[in-house]
Structures are given as structure tokens and as C-alpha cells.
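Below is one structure, written out as C-alpha cells; comments come after it.
Nothing in this text is a laboratory measurement; each read-out follows from the coordinates by a stated rule. Fair warning: this is a prediction, and the values are worked out from it, not measured in the lab. Neighbour counts are summed over all protein chains in view; Cβ atoms, including those assigned to glycine, are modelled from backbone coordinates with ideal geometry.
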Amino acid sequence: MNRTAIDRLALVLVIIGAINWLLVGIANYDIVTMIFGGNLFKGTISAFSRIIFTLVGVSGLYTISLLFRESPANASE
């Protein structure tokens with residue numbers, strides 16, 4: 001299955017976001033704001049944290065297209 005560099009980057013960011021939300025749900029621990037500053041639970045996040053959350057969200061929206069895209073192997077059949 002061939003994916004472009006953008007596809008792979010988007011998937012990595014979505015996985016990072018999923019791990020972060022897993023930690024929030026299980027341990028009430030937000031690793032993104034711990035690294036980049038702020039406190040999500042108090043409503044104060046740094047500009048860097050906001051940028052990371054935005055990139056993860058945009059990546060999540062982009063990966064929706066992967067659901068409907070045929071892989072190059074299937075397209076030739």
C-alpha cells in the first residue's frame with residue numbers, strides 16, 4: 001500500500017492525538033500541554049499547544065479521505 005508523505009505525516013499526527021486523548025481519558029494527563037505549556041483542564045493553553053492541537057485536528061480531517069481512496073494496487077484491477 002503506497003501512501004504519500006502527507007498521508008504518512010497525517011497518520012502519525014492522528015496517532016499522536018489518539019495517544020494523547022487516551023492519556024487524558026485514563027490518567028487525566030495531557031502530554032501536549034505538558035510539553036508545550038498551559039493546562040487544558042483549566043482552559044489555559046499556550047500558542048504552541050494550540051498549534052499542535054490544530055495540526056492534529058486538520059490531520060484527522062485529512063485522513064477521512066484515506067477511507068474513500070483506493071490503494072494503487074486495487075486501482076489497477
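Report, in deg cm²/dmol and to the nearest 500, the calculated mean residue ellipticity at 222 nm for the chain, where each DSSP H run with n ≥ 4 adds -39500 (n - 2.57) and the sum is divided by the residue count.
My calculation for the chain gives -23000 deg cm²/dmol from helical runs alone.
If I fit a long axis through the Cα atoms of helix 47-68 and take the longest principal axis of the Cα atoms of the chain, what angle between them do I get, 0 to 90°, rounded to 10?
With rounding to tens, the tilt is 30 degrees.
For the chain, find the longest principal axis of its Cα atoms and tell me its angle to the long axis of helix 5-27, 0 to 90°, nearest 10.
Once rounded, one gets 40 degrees.
For the chain, which longest stretch is free of loop sites, where a loop site is one of the trypsin sites (Lys or Arg not before Pro) that DSSP puts outside H, G, I, E and B and that has at most 15 other Cβ atoms within 10 Å?
Of all site-free stretches, the longest is 4-68.
What is the ratio of the Cα radius of gyration of the range 5-71 to 2.2 N^0.38 Å, with N the residue count, to two decimals? Display every interim value, and only then the final one.
Numbers: Rg = 13.2 Å, N = 67, 2.2 N^0.38 = 10.9 Å.
Ratio of Rg to 2.2 N^0.38 Å for the range 5-71: 1.22.
Give me the number: length gained by fully extending ALA5 to LEU66, i.e. 0.36 nm times residue separation minus the C-alpha to C-alpha distance, one decimal in nm.
Extra length from ALA5 to LEU66 when fully extended: 20.7 nm.
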